[in-house]
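Read-outs: derived from the displayed coordinates by stated rules, not from any lab. From a predicted model like this one, the values you see are computed outputs, not experimental measurements. Please note: Cβ atoms are built from the backbone with ideal geometry, for glycine as well, and neighbour counts cover all protein chains shown.
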Ligand code: GDP
Ligand code: MG
């Protein structure tokens, strides 16, 4: 049997975070190249795979998109155990998704993995930044996100799945870091 991609060029990623922060839209934008307005709440978890090139090397990304709702939280370790990278997503316009849910997922990862999972912290929905409709709600600034990422030893990025901002860059960065880590 021959495979185009050997194991060392294949990385498993998992998206974690409160429901409705845009995890599914981020994955769909990456896979389909467009914003999927019709995305329905994820049940349990869904899987997608994609191949990208990093420095001329073909890399296969196996992406697990999890559901953030309480009743599915117990299932999440099945998806993040053995992952090379965890992409922790919050919405910049939903403070709870940042202040409470990110810590929940970081603690969950700490408890149930051996600490080998690389962390990425992603602030999604930056298209809503300074949106007058959202002005009553305090938004999470880029500086706050970066500080939090520093404290977690995570790589920080901001995205908008609605506008396609930062999505390619996110998966490229994840793939690059996974590759660097694997060759250590
Ligand atoms: P998930 O539960 O984390 O998977 O979130 P979804 O991907 O299902 O998205 C939840 C809601 O947020 C949907 O109504 C999306 O249309 C919306 N959404 C997702 N990404 C963005 C974004 O970047 N900007 C805006 N404005 N809305 C978004
Ligand atoms: Mg989802």
Distance in nm between label sites at residue 144 and residue 8, each 7 Å beyond Cα in the beta-carbon direction?
-> 4.3 nm
Scale the Cα Rg of segment 71-118 by the rule-of-thumb value 2.2 N^0.38 Å and send over the ratio, two decimals.
-> 1.16
Between residue 81 and residue 116, how many nm apart are label points set 7 Å from Cα along the C-beta direction?
-> 1.3 nm
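So if R0 is 22 Å, what FRET efficiency would residue 53 and residue 165 give, r being the distance between their Cβ atoms, rounded to the nearest 0.05?
Details: r = 21 Å, r/R0 = 0.96.
That gives a FRET efficiency of 0.55.
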So the angle from the long Cα axis of helix 167-182 to the longest Cα principal axis of the chain, reported in degrees to the nearest 10, equals 40 degrees
Measure nothing but the geometry: give the 0 to 90° angle between the long axis through the Cα atoms of 142-152 and the longest principal axis through the Cα atoms of the chain, rounded to 10°.
-> 50 degrees
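Please label the shape of segment 33-122 as rounded, prolate or oblate, based on the square roots a ≥ b ≥ c of the eigenvalues of the alpha-carbon gyration tensor (a/c under 1.5 means rounded; beyond that, a/b larger than b/c means prolate, else oblate).
Oblate, since a/c reaches 1.5 and b/c is not below a/b.
Over the Cα atoms of the chain, compute the convex hull volume and normalise it per residue, giving Å³. Display every interim value, and only then the final one.
Details: hull volume 24.0 nm³, N = 184.
Cα-based convex hull of the chain, divided per residue, equals 130 Å³.
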Counted neighbours (other Cβ, 10 Å), sorted fewest up, put 176, 163 in the order 163, 176
Whole-Å semi-axes of segment 115-167's equivalent ellipsoid, largest first, each the root of 5 times a Cα gyration tensor eigenvalue?
-> 23, 14, 7
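Fewest first, what order do 71, 129 take by the number of other Cβ atoms within 10 Å? Each step should come with its number before you reach the end.
On the way: 71 9, 129 16.
The fewest-first ordering by Cβ neighbours comes to 71, 129.
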Hey, rough spin-label estimate for residue 43 and residue 99, points 7 angstrom out along Cα→Cβ, what's it come to in nanometres?
-> 3.4 nm
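Neighbour counts of other C-beta atoms within 10 Å: give me 165, 63 arranged from fewest to most.
Numbers: 165 16, 63 23.
If I rank by nearby Cβ atoms, fewest first, I get 165, 63.
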Does segment 84-184 classify as rounded, prolate or oblate by the C-alpha gyration tensor (a ≥ b ≥ c root eigenvalues; a/c under 1.5 gives rounded; else a/b over b/c gives prolate, otherwise oblate)?
-> oblate
